[in-house]
Structure formats: C-alpha cells, structure tokens
C-alpha cells in the first residue's frame, strides 16, 4: 500500500503543473510582480517595455539576482546595476543591500537611464 501511495505521489508531482522557478530562481508570480514594478517606475511606453526586456535578460525578474564575477564590484538586482554606481563612501556590502531592494534599485536605474540605455547595451 505504501508503495502504491508513493508511486501515486510521484506521478502526481510529474503531471500536475506547478509554479516552478526558472533558471534565475524566479516564479511566475515573482516575475509578474517585478515586471509591474519596472513599469511603475519607467512607465508603460517604449522605455518601460524596453526595461522589462532588460530585466528579463539581466535577472529574470529576481530582485536578489547577483553576478559576483562582474569586474566592477559585482552586479545586483533586477537590472544588474554594478559597483561602479556606488555612492561615494558606500561599501560594497551597503551597495549590495541597496540594490537588492527593488524600490531603491529601480530609483537608481531611473536616474541612470536619464543618460540613455548605454548601461544595458543601448537597449535589450
């Protein structure tokens, strides 16, 4: 009987779709929340849609995404802002924590994007 129940549980797990995370560790619900935040900060026009594409490419919508191999002190957050954008006197750890907060991250990204989309390769 235990064997039958175990097989049924395994079969159900394989057949029932779930909200599994993608390669970035982002569930569909988290991605939708992150997308809505990007659109809130950048608007629904072309810039907002472009930044949503950048977010998808850079972090998959995971606000805690990190690329520690970036030569500029790492890249963090939804749009992967790197350590070159730290405030004067800000430690790398303080920068990481600030960039992992999606609101402060997007505020910094909006300021950065005023100079164009160069930090994201000119677009996504």
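The values are calculated or read from the model by the stated rules, or taken from the named source; none is laboratory data. Not measured: the values here are computed from a predicted model. All Cβ positions, glycine included, derive from the backbone under ideal geometry; neighbour counts span all protein chains shown.
Is it the case that some residue within region 52-70 is more than 15 Å from the chain's Cα centre (by Cα), surrounded by 12 or more Cβ atoms within 10 Å (Cβ to Cβ) and over 18 Å from residue 25 (Cα atoms)? Break it down stepwise before answering.
Of all residues in region 52-70, those more than 15 Å from the chain's Cα centre (by Cα) come to 69-70.
Applying the additional criterion that residues be surrounded by 12 or more Cβ atoms within 10 Å (Cβ to Cβ) yields 70.
Okay, now just the ones that are also over 18 Å from residue 25 (Cα atoms), so 70.
Checking region 52-70: at least one residue is more than 15 Å from the chain's Cα centre (by Cα), surrounded by 12 or more Cβ atoms within 10 Å (Cβ to Cβ) and over 18 Å from residue 25 (Cα atoms).
Before we move on, is residue 47 outside any loop (DSSP other than H, G, I, E, B), surrounded by fewer than 18 Cβ atoms within 10 Å (Cβ to Cβ) and at pLDDT below 95?
On the way: outside any loop (DSSP other than H, G, I, E, B): yes; surrounded by fewer than 18 Cβ atoms within 10 Å (Cβ to Cβ): yes; at pLDDT below 95: yes.
Yes, satisfied.
All but one of (1) more than 17 Å from the chain's Cα centre (by Cα); (2) within 16 Å of residue 56 (Cα to Cα); (3) surrounded by 15 or more Cβ atoms within 10 Å (Cβ to Cβ) hold for residue 124; state the number of the condition that does not hold.
Only one criterion is unmet by residue 124, namely (1).
Scan region 86-96 and give yes if some residue there is touching a residue at least 12 places away in the same chain (Cβ under 8 Å) and in a loop (DSSP other than H, G, I, E, B), otherwise no.
The answer is yes, given that some residue of region 86-96 is touching a residue at least 12 places away in the same chain (Cβ under 8 Å) and in a loop (DSSP other than H, G, I, E, B).
Just to be sure I understand the filter: pairs with C-beta atoms under 6 Å, separated by 6 or more residues or on different chains, first member in region 43-72 and closer than 15 Å to residue 116 by Cα, second member at pLDDT 95 or above and in a helix (DSSP H, G or I). Which pairs pass?
48/39; 48/42; 51/38; 51/42
Going by what's in this entry, would residue 31 be described as touching a helix residue (DSSP H, G or I) at 6+ places or on another chain (Cβ under 9 Å) and at pLDDT 95 or above?
Details: touching a helix residue (DSSP H, G or I) at 6+ places or on another chain (Cβ under 9 Å): yes; at pLDDT 95 or above: yes.
When the stated conditions are applied, residue 31 passes them.
Give region 98-121 a look and list any residue that's surrounded by 12 or more Cβ atoms within 10 Å (Cβ to Cβ) and either assigned to a loop (DSSP other than H, G, I, E, B) or without any contact (Cβ under 8 Å) to a residue 60 or more places away in the chain (or both), or say none.
98, 99, 100, 101, 104, 105, 108, 112, 117, 119
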